[in-house]
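A quick write-up on the structure given underneath.
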Amino acid sequence: MKILFVASELFPYVKTGGLGDVMAALPRAMRAQGADVRMLLPAYPAILSAVEVQGSVLALPELMGGGPARILRAEAPGLPLYLLDQPAFFGRAGGPYDHPSDLARRFAALGWAAAHLGRQGDGEGWRPELLHGHDWPTGLMPAYVAYGEGPRPATVMTIHNIAFQGRFPAALLNELWLPRHAFTPEGVEFHGDIGYLKAGLRLADRLSTVSPTYAREIQQAGGHGLEGLLAHRSDSLRGILNGVDRSIWHPARDPHLVCRYDLKHPSRRGPNRPDFQRRMGLQEDPAAPLFAAVSRLDPLKGLDLVLDNVDHLVSRGAQLAVLGTGDPHAEGAFRQAAQRHPGRVAVHIGYSEPLAHQAYAAADVFLVPSRQEPCGLTQLYALAYGALPLVRRTGGLADTVVGVTPETLAAGTATGFTFETASGWALGEAINQALALFREPTAWRQVQRRGMATEFGWEGPARAYLDLYATIPTKGA
């Protein structure tokens, strides 16, 4: 099957969160199962400088008011690419969602280019049978397929985070090359605006999201205004868990660690702890339970609940390391906490890939107290590296972490700690549970081994997506 993935991020070139990681792993896993998967994404400077560009398959004198554009054919390791090369939109410095003045037009250009490849092919004999868009920047792609002329490939939209939807003024309709009759509730209109994600969810043939529990939540109170549409399309919606790229996230071959280890040699994990403590400015205290968080500092991620428990953690003899950036108030509050507890609390504002890997290899407990979490990769990385995840039971966190109870300890199925209510008190109770288990080394090692043995590779998700594609009726030209 010929499949075109369409996305705005791809690790290691452009990444703001988990989407880039998924795009780096899922299409390659599907190719390993025999699918002819290629990817379209913007020709950011970081990508153009790193991949092999093989030529141009389409040149346009004008696209969405952004001037000349080309679709380039390129190759990343193990993944054929098409790159939308439009310097006015994608050639500037900054992140993929910076420069808000033309945000609507540049991601409309990406959706239009995907639909064009789907209808006309690349001019070199390859035309995708299915277009698979990821998150709101690709949401207009199914609209351009639905309202355009010519062959109509099948379309799939995946929701990675429904909180980000892409809503823009209705006055842009003509500038976005959409027909007037598209602006209806059955099309791209959403509460008087043009809704990119809404359009994709309404017009794509099939929908998916990144965990079974999140698929249920977004049809209820967690749909951010799209609950009704998703409930209406529930027969077309699937929840498919993300995986972990074990070529990158594996403690036995991680180049960022001072000492590599695996399930058969867990004691080799030890030297990573004092190394990380030194890097973060924490006391090299081997007896202190080390809690860590690597996260955007965003209210949905629940890091304010961690702030509520900083003094409690320190009073119980624990250490805390936080890596992240985001809300300025949260950044300031964590800095103040580190100043209040020098050597016991440490904060790195920003993101460092090496430091993140080192945190997973050093921590005893990894905190993921999200108010809403579509799937989450943090807890999967923690499991693989032998850090016990402490998570709120929501979305993919509920699907991937088995909380410690007398029953799960006896059955040998526990992999971490869980709590239900998004409150500082509830997180504090889960922290107490983790601290109690930490004082029981035999039980702790049992849970740690179970977590490290849990397999969350991409082979299963790849098969699940191919199965989803197979449910779409074949379309004619």
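Data overview
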| item | result |
| --- | --- |
| Point-to-point label distance, Ser101-Lys2, nm (Cα→Cβ direction, 7 Å offset) | 4.0 |
| Spatially close lysines, pair count over the chain: Cα under 27 Å, gap of eight or more or interchain | 7 |
| Full-extension gain in nm, Leu300 to Asp235, via 0.36 nm per residue minus C-alpha separation | 20.6 nm |
| For peptides 299-308, 351-360, 156-165, 256-265, sequence by mean Cβ density within 10 Å, most packed first | 156-165, 299-308, 351-360, 256-265 |
| Simple label model, 7 Å out from Cα along Cβ direction - Asp467 to Asp308, nm | 3.9 |
| Theoretical ellipticity at 222 nm over the chain - DSSP helices of four or more residues, -39500 (n - 2.57) apiece, nearest 500 | -10000 deg cm²/dmol |
| Calculated from backbone phi, Karplus (6.51, -1.76, 1.60) coupling profile of segment 234-239 in Hz, x at Gly/Pro | 4, 5, 9, 9, 10, x |
| Which of Val14, Pro473, Ala361, positive extreme of dipole for the chain (C-beta unit charges) | Ala361 |
| Sequence-distant residues sharing a close amide H with Ser56 (under 5 Å, placed H) | Arg73 |
| Peptides ranked, highest mean first, by Cβ atoms within 10 Å: ranges 377-389, 337-349 | 377-389, 337-349 |
| Derived scalar couplings ³J(HN,Hα) [segment 257-267; Karplus, 6.51 cos²θ - 1.76 cosθ + 1.60; whole Hz; x for Gly, Pro] | 9, 6, 9, 8, 7, 8, 4, 7, 10, x, 5 |
| Estimated vicinal HN-Hα couplings, Hz - segment 270-285 in sequence order (Karplus 6.51, -1.76, 1.60; Gly, Pro = x) | x, x, 5, 5, x, 4, 5, 4, 5, 4, 8, x, 8, 5, 7, 9 |
| Ala221 versus Thr421: modelled label distance in nm, points set 7 Å from Cα along the beta carbon direction | 1.3 |
| Sequence-distant residues sharing a close amide H with Leu388 (under 5 Å, placed H) | Val365, Phe366 |
| Percentage relative contact order, segment 266-453, counting C-alpha pairs under 8 Å, at least six apart | 21 |
| Fully extended contour minus Cα-Cα distance, from Ala32 to Arg340, at 0.36 nm per residue | 105.8 nm |
| Rounded FRET efficiency, nearest 0.05, which uses the C-beta distance separating Tyr351 from His181 and R0 of 51 Å | 0.70 |
| Nearest-0.05 FRET efficiency for Ala171 and Arg92, computed from C-beta distance (R0 22 Å) | 0.35 |
| Selection from Trp444, Thr394, Leu305, by position along the positive dipole direction of segment 266-453 (Cβ) | Trp444 |
| Protection-proxy order for peptides 32-43, 243-254, each taking the mean of Cβ atoms within 10 Å per residue, highest first | 32-43, 243-254 |
| Structure-derived Rg/Rh (Cα atoms, Kirkwood Rh): which label, when the choices are (i) 0.94; (ii) 1.07; (iii) 0.99 | (iii) |
| Debye-sum result for segment 266-453 in log10 I(q)/I(0), which assumes one identical scatterer on each alpha carbon, at q = 0.19 Å⁻¹ | -1.39 |
| Between segment 337-394 and segment 1-76, the Cα center-to-center distance that results, in Å | 30 |
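Coordinate-derived values only; no laboratory data. Nothing here was measured: the structure is a model prediction, and the numbers come from that model. Note: ideal-geometry Cβ built from the backbone for every residue, glycine included; neighbour counts use all protein chains shown.
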